[in-house]
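What follows is a short report on a single structure.
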Amino acid sequence: MTSDTFTACLTRIVDDLAEQGWSLQPAFVPQALTLQLAEECRKRDAEGALTPAGVGRGGALQVREGVRGDHIQWLEPGQSAASDQYLQRLDELRLALNQGLYLGLEDFEGHFALYPPGAFYQKHVDRFRDDDRRTVSAVFYLNADWQAEQGGALRLYLNDGSTRDVLPQAGTLLLFLSADLPHEVLPASRERLSLTGWFRRRGEQPL
Ligand code: OGA
Ligand code: MN
């Protein structure tokens, strides 16, 4: 992917978010990087680094497999060349969102996620009730040759009352406003890998 193509992709994302509150990009990073990220997610899983994800935050965090059944590991800078390259692209996206939409995004938090066959994540909104920093959700999918019959779609509940199903196809980046769009992950017949995260703005901190 040339830098021109990437710049055009950033512009489309800014326009989509302004117009409809969500954006779907089928090839956000070069295919070679997507493959490396998928391999890395599987390697982290094989090493036992992914652990059952929780619901809620801070002291209220609980593992509830009837709500969400994915296994995750948080991304930190310096874990691998591939994940650093991905974080670098997301930082360029963060700056484009701030420039185009004045969102005041300060940072990004994200994790690898693996849904074993049959796992799901019930309908929810990404912004926490007690912490309004999460502003734009970014889900990047890592699954080659995903077929609709395999399930595993991310179902978005749009503001006009319609729904939109997004297949977790390798290379696809889905973005949406974290406070606005409820969504759920439907169960799949095969393992489902992704990199999921949130651009955050500054919180209301007592001085
Ligand atoms: C989440 C989430 C969507 C997906 O982790 O909050 O909604 O498609 N993930 O994996
Ligand atoms: Mn979510």
note = For the chain, the percent of accessible surface on carbon and sulfur atoms (probe 1.4 angstrom, ligands and nucleic acids excluded) is 49 percent
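Among 49-56, 69-76, how do they line up by average Cβ neighbours within 10 Å per residue, starting with the highest? Please list the in-between numbers first.
On the way: 49-56: 15.4, 69-76: 18.0.
My ranking of the peptides, most packed first, is 69-76, 49-56.
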request  = Report the longest stretch of the chain that contains none of the GluC sites (Glu not before Pro) sitting in a DSSP loop with at most 12 other Cβ atoms within 10 Å.
outcome  = 66-203
message = I'd like the chymotrypsin sites (Phe, Trp or Tyr not before Pro) in the stretch 83-149 restricted to DSSP loop residues with at most 15 other Cβ atoms within 10 Å, sorted by number.
response = 102
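Assign one of three labels to the stretch 6-77, namely rounded, prolate or oblate, based on the Cα gyration tensor with a ≥ b ≥ c the square roots of its eigenvalues; rounded applies when a/c is under 1.5, prolate when it is not and a/b is larger than b/c, and oblate otherwise.
oblate
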message = Can you give me the distance in nm between label points at residue 149 and residue 201, each placed 7 Å from the Cα along the Cα-to-Cβ direction?
response = 4.6 nm
query = Rounded, prolate or oblate: which one fits the stretch 84-207, using the alpha carbon gyration tensor with axes a ≥ b ≥ c (rounded when a/c is under 1.5, else prolate when a/b beats b/c, else oblate)?
reply = prolate
note = If the chain between residue 128 and residue 107 were fully extended at 0.36 nm per residue, the gain over the current Cα-Cα distance would be 5.9 nm
message = Suppose the chain between residue 91 and residue 49 were pulled fully straight at 0.36 nm per residue; how much longer would it get relative to their current alpha carbon spacing?
response = 12.6 nm
ask   = Say we join alpha carbon atoms closer than 10 Å with springs in a Gaussian network model of the chain; which of 84, 16, 145 then has the biggest fluctuation?
value = 145
inquiry  = Using Cα-Cα distances under 8 Å and only pairs 6 or more residues apart, what relative contact order does the stretch 124-207 have, in percent?
reply    = 44 percent
inquiry  = Can you compute the FRET efficiency between residue 2 and residue 98 using 1/(1 + (r/R0)^6), with r the Cβ-Cβ distance and R0 = 22 Å? Round to the nearest 0.05.
reply    = 0.40
query = For the stretch 69-111, what's the relative contact order in percent, using C-alpha pairs closer than 8 Å and at least 6 residues apart?
reply = 45 percent
remark   = With every protein chain kept in place and a 1.4 Å probe, the chain has an accessible area per residue in Å² of 50 Å²
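The values are calculated or read from the model by the stated rules, or taken from the named source; none is laboratory data. Values in this document were obtained by computation on a predicted structure and should not be read as measured data. Cβ atoms come from the backbone with ideal geometry, glycine included; neighbour counts cover every protein chain shown. The protein model used for the area step is the full one, side chains on, heavy atoms only, and it has no ligands, DNA or RNA in it. Shrake-Rupley method; radii C 1.70, N 1.55, O 1.52, S 1.80 Å.
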